[in-house]
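The values are calculated or read from the model by the stated rules, or taken from the named source; none is laboratory data. Predicted model only: the values in this text are computed from it and were never measured. Note that each Cβ is placed from the backbone with ideal geometry, even for glycine, and that neighbours are counted across all protein chains shown. When the accessible area is computed, the model is the full protein with side chains, heavy atoms only, and any ligands, DNA or RNA have been set aside. Shrake-Rupley method; radii C 1.70, N 1.55, O 1.52, S 1.80 Å.
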Amino acid sequence: MQNAKIEMSRLLEYAHREKRGKSTFFSQRTAACSCPPLDKKQLSFPLGHNYSMVMKLHGHPFSPATHRVMACLEEKGLEYEFVHIDLSTGQHKKEPFLSLNPFGQVPALEDGDLKLFESRAITQYLANIYADKGTPLVPQDPKEKAIVYVWMEVESHKFDAAAAKLSYELVTKPMLGMTTDDAVVEEHQEKLGKVLDVYESRLTGSKYLGGEAFSLADFHHLPIVSSLFGTKTKALFDARPNVSGWCAGILARPAWQKVVEKMKH
Amino acid sequence: MAIKVHGSAFSIAVMRVFACLNEKGLEYEFVRVDMRAGEHTKEPFLSLNPFGQVPAFEDGDLKLFESRAVNQYIAHAYADKGNPLICQDPRKMAIVSLWMEVEAQKYDAPAAKLTRELIIKPLLGMSTDDAIVEEQEVQLAKVLDVYEARLAQSKYLGGDSFSLADLHHLPTMNYLIGTRVKAVFDAHPHVSSWCADILARPAWQKVVAMKNNQRL
């Protein structure tokens, strides 16, 4: 049993390296002989275990946090399987989902035996470990990276606090047949306005929030910006030309458009 | 000196950065910002942090703000100095990042609100809102239920070693352990041991000493 376990973990490691484009026993072997190419999706073991090597994103089509991870997977051109978690039946608050995220929230990501939650931790993981695939989302230079991390924190603590609340009042509540609280909307529009004033100034001297290149700092805004653009809050963005231009640019990205399309179905 | 921290030694976010610098054994200059006079809401401070909050951080010509971003920069840039606070292995680092997000997204909201009601408001001569305290204690307890399960199988939140994932909790934890909220921590035995362990770290004790020595 012990030997089988060692074999399995070694094979998982090889398959993981193979998936990431590093040369392994498998890629060398298939190059050398006329055997059919290794099916990376399934590896069958003598003991009858099936390990799917494709990443699994557990989430919900209406969840902005799910969209955040999905868009990242698309930007990096990564293969993944979407596992729909039924929020209406409370599937996210029960096992087996709780083993993926003990806080009972979507999304969760499985990459081999690694289980992750918190969308912004997942995107950071993907951006770092798949740095050489698809769009670079984090700079390599430590000082440039530090600036990106500053604006990632700004999105997480300043922007999201006001914007997610507005999205909830203006988009989610109507969808659930609940009434929007106008006082909350007014209060948070004012807060968001102040944050966007700083963004306007920042984007005067910088093409993107984190610097000259598109990065996670811009990227993390996509789901809520997209959501708010369908509401009266869009006016706050339109009133600030640099912010407005920046929004148009990031919303037009093909990876984001793919997410919008996928979630319609 | 190349590294400068602008702020107040009482500020939770400033203490978070001091803790990191101390763990790495780095020298730095502390530039006191007179928050009572609103110095942080005007120039020249706004050029360091356009959101008008402490801390602001400088390392040579690099200017940063947001304490958690500052700490991640320090932990990476000075990875070979002092205590390691992050992991080089990306899969292990993913777990550290995850629990750093948990601190920021789940723990911080109730912890910061409780600190405001029980510590900051009295200092400013305002009265504590007991309803908020009760409500936020319930929220904190739910978060600590998850921490309890995690710390039952892992020595520290991010894994076997102390990391930024643990460190980021220290400032609010330090304040709250001196209030009625201690009971919420104590009701979770693994959490309680973990708190005692990390609060006892010499690097953190230095931060507490600095706070105690600064006049309001």
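Table: residues versus (1) at the interface with chain A (Cβ under 10 Å from one of its Cβ atoms); (2) out of contact with any Gly (no Cβ under 9 Å at 6 or more places or on another chain); (3) not basic (Lys, Arg).
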{"site": "B:Ala56", "(1), (2), (3)": "no, no, yes"}
{"site": "B:Asp80", "(1), (2), (3)": "no, yes, yes"}
{"site": "B:Ala94", "(1), (2), (3)": "yes, yes, yes"}
{"site": "B:Leu114", "(1), (2), (3)": "no, yes, yes"}
{"site": "B:Ile120", "(1), (2), (3)": "no, yes, yes"}
{"site": "B:Leu123", "(1), (2), (3)": "no, yes, yes"}
{"site": "B:Thr128", "(1), (2), (3)": "no, yes, yes"}
{"site": "B:Val143", "(1), (2), (3)": "yes, yes, yes"}
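For the subset of the range B:31-54 comprising residues that are assigned to a loop (DSSP other than H, G, I, E, B) and either β-branched (Val, Ile, Thr) or facing another protein chain (nearest Cβ under 10 Å) (or both), which member is nearest to B:Phe18 (Cα to Cα)?
Among residues in the range B:31-54 that are assigned to a loop (DSSP other than H, G, I, E, B) and either β-branched (Val, Ile, Thr) or facing another protein chain (nearest Cβ under 10 Å) (or both), the one nearest to B:Phe18 (Cα to Cα) is B:Val54.
Conditions tested, residue by residue: (1) assigned by TED's automatic domain parsing to the domain that holds B:Ala9; (2) open to solvent by 10 Å² or more (accessible area, probe 1.4 Å); (3) not hydrophobic (A, V, I, L, M, F, W, C).
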site: B:Gly60; (1), (2), (3): yes, yes, yes
site: B:Leu64; (1), (2), (3): yes, no, no
site: B:Ala69; (1), (2), (3): yes, no, no
site: B:Ile74; (1), (2), (3): yes, no, no
site: B:Val102; (1), (2), (3): no, no, no
site: B:Tyr107; (1), (2), (3): no, no, yes
site: B:Thr115; (1), (2), (3): no, no, yes
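Just to check your reading of the model, which residue among A:Leu126, A:Leu166 is crowded, with 23+ Cβ neighbours inside 10 Å, in contact (Cβ under 8 Å) with a residue 12 or more places away in the chain and within 14 Å of chain B (Cβ to nearest Cβ)?
Numbers: A:Leu166 fails: within 14 Å of chain B (Cβ to nearest Cβ).
Checking each option against the conditions leaves just A:Leu126.
As an exercise: evaluate A:Gly177 against (1) within 13 Å of chain B (Cβ to nearest Cβ); (2) out of contact with any Asp or Glu (no Cβ under 9 Å at 6 or more places or on another chain); (3) within 26 Å of A:Ala235 (Cβ to Cβ) and give the number of the one condition it does not meet.
Of (1) within 13 Å of chain B (Cβ to nearest Cβ); (2) out of contact with any Asp or Glu (no Cβ under 9 Å at 6 or more places or on another chain); (3) within 26 Å of A:Ala235 (Cβ to Cβ), only one is false for A:Gly177: (1).
Which ones in the range B:176-198 are open to solvent by 30 Å² or more (accessible area, probe 1.4 Å) and not polar (S, T, N, Q)?
Correct list: B:Ile177, B:Gly178, B:Arg180, B:Lys182, B:Ala183, B:Asp186, B:Ala187, B:Pro189, B:His190, B:Ala196, B:Asp197.
Just checking, does the range A:78-100 include any residue being at the interface with another protein chain (Cβ under 10 Å from one of its Cβ atoms), free of Cβ contacts under 8 Å to residues at least 12 places away in the same chain and not in a helix (DSSP H, G or I)?
Here is the first cut: in the range A:78-100, the ones at the interface with another protein chain (Cβ under 10 Å from one of its Cβ atoms) are A:98.
Retained after the next criterion (residues that are free of Cβ contacts under 8 Å to residues at least 12 places away in the same chain): A:98.
With the extra rule that they be not in a helix (DSSP H, G or I), the set shrinks to none.
No, the range A:78-100 contains no residue that is at the interface with another protein chain (Cβ under 10 Å from one of its Cβ atoms), free of Cβ contacts under 8 Å to residues at least 12 places away in the same chain and not in a helix (DSSP H, G or I).
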